[in-house]
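S.K.: Here you go, one structure.
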Amino acid sequence: MEIILSIIIFVMGLCFGSFVNMLTYRIALRYDLISNFQFSKSNKNRSFCDYCGRQLKWYENIPVISWMIQKGKTRCCREKLPVLYPIVEIATGLLFLIFNFQFSIFNQLLNFQLITQFFVGLVIIVFLVFSAVFDLKYMILPDFSTITLVFSALVLWFLGHFGDWTYMWSAVGSFLFLGFLYLITNKKGMGFGDVKLAIFMGLFLGYPKIIIAFYIAFVVGALVSLILIIFKKAGKKTPIPFGPFLILGSFMAWFWGGWLISLSAFQIFR
Ligand SMILES: [Zn+2]
């Protein structure tokens, strides 16, 4: 039974990953980050080809599998479909699966509060993946996504930690911390979108997990920047989005924060 449920959760994750890809494309159109005049002619409620606007058949819209069968190209106009599409789908599927393992609620299927927390958790995964992908591609963390995340974190706080004000303080603290860095780096180190995302991180993770999240974000961010500079993929002035690193840190602190804190290096934050 649990295996079947895990498979369902994974497939759900793949489908939501596909939704993230579609949302990324449509929000980019709305922000005029990409142009596609064909889009105005196509049926906006159905999935359409990114390039020629033709409505997709159901079998062209299966997460991962369609991409593999079509060898990374559209069927209609043979344009290249980004490899990021299946990667996002698989990543979302795996995140759903890890979340399911970490917070296995299926022993308590009748507990309304746990079910609500579980579904809000899934919403948080979807919007974190969306924000990471959008920031990676366009260097913007859309406000509607951050607002959804903050609202979801508030719901979880009401359900799970109501009255525990350390979450509020860690939200304020995170906002001030990144806001301070934003100002002293002359707005070049990170964008204001990152500062707003920090409100969600603090409220969602609380103290001391928020410390783990920032630690991972800064260390991994610095390492990746260094590697990109060494391999000449980026110069010292090439902007690198910070959002994906904050989001990676959030996921790791969320899923494994308790274990990471127990490691000796983090003992002082207990
Ligand atoms: Zn096409």
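Values quoted throughout were computed directly from the atomic coordinates according to the rules given, and no laboratory measurement underlies them. A quick note: this is a predicted structure, and the numbers were derived from the prediction, not measured. So basically every Cβ, Gly included, is an ideal-geometry build from the backbone, and we count neighbours across all protein chains shown.
S.K.: For each pair in 137/237; 196/232; 71/237, compute the distance between the two Cα atoms and list the pairs where it is over 24 Å. Don't jump to the answer; show the numbers that get you there.
M.R.: Values: 137/237 17 Å; 196/232 31 Å; 71/237 36 Å.
As for pairs spanning more than 24 Å Cα to Cα, those are 196/232; 71/237.
S.K.: I need the calculated FRET efficiency for the pair residue 70 and residue 176, taking r as the beta carbon distance and R₀ as 41 Å, to the nearest 0.05. Mind dumping the intermediate values first?
M.R.: Numbers: r = 48 Å, r/R0 = 1.18.
Working from the Cβ atoms, E equals 0.25.
S.K.: Taking the 0 to 90 degree range and rounding to the nearest ten, how far is the long axis of helix 112-138 tilted relative to the main principal axis of the chain, both from C-alpha atoms?
M.R.: 70
S.K.: Can you list the aspartates and glutamates whose alpha carbon is less than 20 Å from that of residue 80, not counting same-chain residues fewer than 8 positions off?
M.R.: Of all the aspartates and glutamates, those that pass the test against residue 80 - Cα under 20 Å, at least 8 places apart if same chain - are 50, 60, 89.
S.K.: List 74, 238, 92 from most exposed to least, where exposure is judged by having the fewest other Cβ atoms within 10 Å.
M.R.: Values: 74 18, 238 10, 92 29.
Final ranking by Cβ density, sparse to dense: 238, 74, 92.
S.K.: Which far-off residues, 5 or more places away or on another chain, put their amide H under 5 Å from the one on residue 48, with H placed in the peptide plane?
M.R.: Correct list: 56.
S.K.: Related question: Can you put 104, 6, 174, 152 in order of Cβ neighbours within 10 angstrom, beginning with the fewest? Don't skip to the end; give the middle numbers.
M.R.: Values: 104 13, 6 16, 174 26, 152 22.
With the sparsest Cβ surroundings first, the list reads 104, 6, 152, 174.
S.K.: Give me the angle, in degrees from 0 to 90, between the Cα long axis of helix 166-184 and the longest principal axis of the Cα atoms of the chain, rounded to the nearest 10.
M.R.: So the helix axis and the longest Cα principal axis differ by about 70 degrees.
S.K.: Using 1/(1 + (r/R0)^6) with R0 = 25 angstrom and r between the beta carbons of residue 186 and residue 259, what's the FRET efficiency to the nearest 0.05?
M.R.: Values: r = 37 Å, r/R0 = 1.49.
Once the sixth-power term is evaluated, E becomes 0.10.
S.K.: I would also like to ask the following. Taking 0.36 nm per residue of sequence separation and subtracting the Cα-Cα distance, how much length would be gained by fully extending the chain between residue 7 and residue 52, in nm to one decimal?
M.R.: Numbers: separation 45, 0.36 × 45 = 16.20 nm, distance 3.41 nm.
Extra length available between residue 7 and residue 52 comes to 12.8 nm.
S.K.: Only Cα pairs within less than 10 Å get springs; with that Gaussian network setup on the chain, which residue of 210, 227, 115 has the largest fluctuation?
M.R.: Ranking 210, 227, 115 by mean-square fluctuation puts 227 first.
S.K.: Same structure, new question: Expressed in nm to one decimal, what extension gain is obtained for the pair residue 111 and residue 238 from 0.36 nm per residue of sequence separation less their Cα-Cα distance? Spell out each step's value before the answer.
M.R.: Numbers: separation 127, 0.36 × 127 = 45.72 nm, distance 4.94 nm.
That works out to 40.8 nm of additional length.
S.K.: Let me make sure I get this right: for the chain, a, b and c are the square roots of the gyration tensor eigenvalues over alpha carbons, sorted descending. Under 1.5 in a/c it's rounded, otherwise prolate if a/b > b/c, else oblate. Which is it?
M.R.: Numbers: a/c = 1.84, a/b = 1.25, b/c = 1.47.
Here the chain falls in the oblate category.
S.K.: Does anyone have the angle between helix 84-102 and the longest principal axis of the chain? Alpha-carbon axes, 0 to 90°, nearest 10?
M.R.: Once rounded, the angle reads 40 degrees.
S.K.: Helix-derived [θ] at 222 nm for the chain: sum -39500 (n - 2.57) over DSSP H runs of at least 4, divide by residue count, nearest 500?
M.R.: Numbers: 9 runs with 173 residues, N = 270.
After summing the helix terms and dividing by the residues of the chain, the value is -22000 deg cm²/dmol.
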